[in-house]
Amino acid sequence: MKKNKILMIATVAAVLSSCGGGGGGRPSFGDNEYPVVTVSTQSASSQTNYPASIKGVQDVQISPKVGGFITQINVKEGQMVSAGQTLFVIDNQTYQAQVRQAQAAVNTAQSQVSTAELTYQNSKQLHDNNVIGDYELQTAENTMNSAKAQLAQAQAALASAKEALSFCYVKSPSAGIVGTLPFKVGALVGAQNVLTTVSNNSQMEVYFSMTEKAVLAMQRAHGSHGEALSELPKVKLQLADGTEYPYEGTVTKMSGVIDQTTGTVQMIALFQNPERLLKSGGSGTIVIPESNEEAIVIPQACVMEVQNKKFVYTVSSDNKVVYTEIKVAPQNDGNNFVVTEGLKVGDKYVTNGITKLSDQMEIVPITPERYQQKIQEQAKAMTAGDIVGAMKK
């Protein structure tokens, strides 16, 4: 019997708690007593999530400077390459012929310069011996200078031909990972075609956007643009499969322009990528932790929501309840709200039975501990018939 009695009391307490332990209902004590708590501060932590896209610190699109057929592809997709490594070879027979032709022109010009120099030296000796006049000497000198000019022109043409030939060997401007290879050997390509992308992914930049309001609040709190960035905590990255990236990142850049279509400001966080787990073009979620050592935290059960607005019942000095609107932080743990407006330290609010209250209603404040004690006392006093009646309600 004693065991059954204990079980009955426990059942009654559970029923009463379901009616009065939360913010909605309240057991009938008959004395207008409601649990009241005084607002105080405590430490609270939360996090804010932002959709993000991942890019290499340096993503370089590789395009040929000359048109032609691809004759060689020297790399594979995903291969690590070094700066200056040859990736593709473009058909260069025409350019080789142009180099040979330019080289021949240089050789001819050099012969002409040698002949002109000998002629000038000979003419100078004859002029010194008064065999020829000034006109003949000047003509020989002009011929020599013209030959040298032609040589310089031929050498410039050779350099241009060699440079054009070098363009047929498409090299990587930086170290990184080779992207997709959309063209195969034999494809005709030109400067408008992107042959591949080389991504330097030893470090990765993760792009995300914050609202203009959040950025303004951050700058007001910390001062200048640079100080606001330096005060941001280390951020985390949630990958597309839901797992957390093992390395934390640092927000290093913030755009100075607001996107008018979205009302957001672009931010960039830098992450180390030693295992090359992050890939350029990937997606994820930036997680920014937030900590508040003087937060006002209240249970969600004592908050009513009406037309997307949140209200609590505060208690005035004359023990009358006041229907009070509050504002809360967007992030919460599912059990509590962090109040940003509407409550201050020292205010009092009702924690249970709020659905039976009305604005300016007078109550008898009690502590939450006394409230729970009265529930236990009422549970012990209830009969089995009371249990059935309470359960029907």
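Once the gyration tensor of the Cα atoms in the chain is diagonalised, the equivalent ellipsoid follows with semi-axes of 88, 25, 14 Å, ordered largest first.
If you add up the charges near E77, with Lys and Arg at +1 and Asp and Glu at -1, over every other residue whose beta carbon is less than 13 angstrom from its beta carbon, what do you get?
+3
Within the stretch 68-179, the proportion of Cα pairs with more than 18 Å between them is 65 percent. The figure for H225 is an accessible area of roughly 70 square angstrom, using a 1.4 Å probe on the protein chains alone.
For D59, the accessible surface of its heavy atoms amounts to roughly 60 Å² (probe 1.4 Å, protein chains only, rounded to the nearest 10). What a 1.4 Å probe finds exposed on the chain is 51% carbon and sulfur by accessible area, rounded to a whole percent. Residues S230, S174 ordered from highest to lowest accessible area at a 1.4 Å probe: S230, S174. Helices in the chain, meaning DSSP H runs of at least 4 residues, each add -39500 (n - 2.57). Divided by all residues, the mean residue ellipticity at 222 nm is -11000 deg cm²/dmol.
For G282, the residues whose amide H sits under 5 Å from its own are I54, ignoring neighbours fewer than 5 places away on the same chain, with H placed 1.01 Å from N. A cut-off under 13 angstrom between Cβ atoms defines the neighbours of I132, and their net charge, with Lys, Arg +1 and Asp, Glu -1, is -3. Among the trypsin sites (Lys or Arg not before Pro) in the stretch 26-90, those located in a DSSP loop and surrounded by at most 14 other Cβ atoms within 10 Å of their own Cβ are K65, K76.
Give me the net charge of V328's neighbourhood, meaning all other residues with Cβ under 14 Å from the Cβ of V328; Lys, Arg count +1, Asp, Glu -1.
-2
Within the stretch 156-212, the trypsin sites (Lys or Arg not before Pro) that combine a DSSP coil assignment with at most 11 other C-beta atoms in a 10 angstrom radius are K184. Note that the chain presents 57 Å² accessible area per residue, ligands and nucleic acids not counted, probe 1.4 Å. The 3J(HN,Hα) values that the Karplus relation (6.51, -1.76, 1.60; θ = phi - 60°) gives for the stretch 58-69 are, in residue order, 9, 9, 10, 7, 9, 10, x, 8, 10, x, x, 8 Hz. Gly and Pro appear as x. Ignoring aspartates and glutamates fewer than eight residues from K171 along the same chain, the ones with Cα atoms less than 19 angstrom from its Cα are D59, E77, D91, E163. The charge dipole of the chain, taken about its Cα centre with unit charges on the Cβ of Lys, Arg, Asp and Glu (plus for the first two, minus for the last two), comes to roughly 1580 debye.
If every alpha-carbon in the stretch 235-304 counts as one equal scatterer, what log10 I(q)/I(0) does Debye give at q = 0.11, 0.19, 0.27 1/Å? Per q value, in the given order, log10 I(q)/I(0) is -0.45, -0.92, -1.23. Our Cα-only numbers for the stretch 254-393 put the radius of gyration and Dmax at 23.6, 71 Å. Spread over its residues, the convex hull of the C-alpha atoms of the stretch 180-241 is 189 Å³ per residue. Normalising the Debye intensity of the stretch 90-137 to I(0), with uniform scatterers on Cα atoms only, and taking log10 at q = 0.25, 0.32 Å⁻¹ returns -0.84, -1.01. Normalised by residue number, the volume inside the convex hull of the Cα atoms of the stretch 294-349 is 77 Å³ per residue.
The values are calculated or read from the model by the stated rules, or taken from the named source; none is laboratory data. Everything numeric here is computed off the predicted structure, so don't read it as measured data. Don't worry about glycine lacking a Cβ; one is built from the backbone with ideal geometry, like all the others, and counts go over all protein chains shown. These accessible areas exclude ligands, DNA and RNA; they are computed on the full protein's heavy atoms, side chains included. Shrake-Rupley method; radii C 1.70, N 1.55, O 1.52, S 1.80 Å.
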